[in-house]
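The values are calculated or read from the model by the stated rules, or taken from the named source; none is laboratory data. Everything quoted here is computed from the prediction, not taken from an experiment. Ideal geometry is used to build each Cβ from the backbone, glycine not excepted, and the neighbour counts take in all protein chains shown. Accessible surface is based on the protein model in full, side chains and every heavy atom, while ligands, DNA and RNA are left aside. Shrake-Rupley method; radii C 1.70, N 1.55, O 1.52, S 1.80 Å.
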Amino acid sequence: MDEKMLESTISHLVRPEDLNHHGTLFAGQTAKWLVEAGVIAAARLTGKAEDVVCVQLNGMTFKNPGHNGDLLEIQSRIAHLGTTSITVFSQIVRRQDAMILVSNMATFVTVDKQNKPYPHGYKLSEKYIEQNRDIHNEALKTRPVK
């Protein structure tokens, strides 16, 4: 598996309609963008965006506010692969100063046309896991206890 397929970056310009009543980036808009970025990362891996659905948004950690006119990059990396699940780590970085604004984990599942989960057939290499140990370990903490 090409490791470039395990990462993606999308960009957004913060506009007035993306702001909350404090004049900073609205958490709801942020969640929408993070899920979108996660779907894109998972779909790059599977090649089937139509088969990827979000099952868990594992929280968002706000570190700094976003403001009108900020140019943001949402950088996403696959953090963990289960049999049907794909957990993605994403962070929003302001391009102007490379400041991290928000980070999160989100879990997606591959489903068929009847919305039944199916095995995606991918596995992370030990080398990739070692290189991304911090997010991999964090992803393991978000998995449901069975």
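Annotations
- Taking a straight line from the alpha carbon of K4, these lysines sit under 20 Å away, with near neighbours fewer than eight places off in the same chain left out: K48, K123, K127.
- For region 1-40, the Cα gyration tensor yields ellipsoid semi-axes of 28, 9, 6 Å (square root of five times each eigenvalue, largest first, whole Å).
- FRET efficiency for L71 and K116, using Cβ-Cβ distance with R0 set to 41 Å, rounded to 0.05: 0.55
- Using only alpha-carbon positions in region 57-99, the gyration tensor eigenvalues give semi-axes of 26, 11, 7 Å once each is multiplied by 5 and square-rooted (largest first).
- In the chain, the longest principal axis of the Cα atoms and the axis of helix 133-142 are about 80 degrees apart.
- For the chain, calculated [θ]222 nm from helices alone, where every DSSP H run of n ≥ 4 adds -39500 (n - 2.57): -7500 deg cm²/dmol
- Accessible area expressed per residue, region 94-146, with surrounding protein chains retained (probe 1.4 Å, Å²): 67 Å²
- Note, ³J(HN,Hα) from phi for region 76-89, Karplus 6.51, -1.76, 1.60, rounded to Hz, x at Gly and Pro: 10, 9, 5, 9, 7, 10, x, 5, 10, 9, 9, 9, 10, 9
- Near D70, the amide H atoms lying under 5 Å from its own belong to V14; only residues 5 or more places off or on other chains count, and H is placed 1.01 Å from N.
- Per residue, the Cα convex hull of region 83-122 amounts to 86 Å³.
- Dividing the Cα radius of gyration of the chain by 2.2 N^0.38 Å, with N the residue count, gives 1.06.
- Shape box of region 1-80 [Cα atoms, principal axes, largest first, Å]: 43, 23, 23
- Column: log10 I(q)/I(0), Debye, Cα scatterers of region 62-137, q = 0.23 Å⁻¹: -0.99
- FRET efficiency estimate (nearest 0.05) - Cβ-Cβ, F26 to Q131, R0 25 angstrom: 0.15
- Relative to the longest principal axis of the Cα atoms of the chain, the long axis of helix 27-46 makes an angle of roughly 30 degrees.
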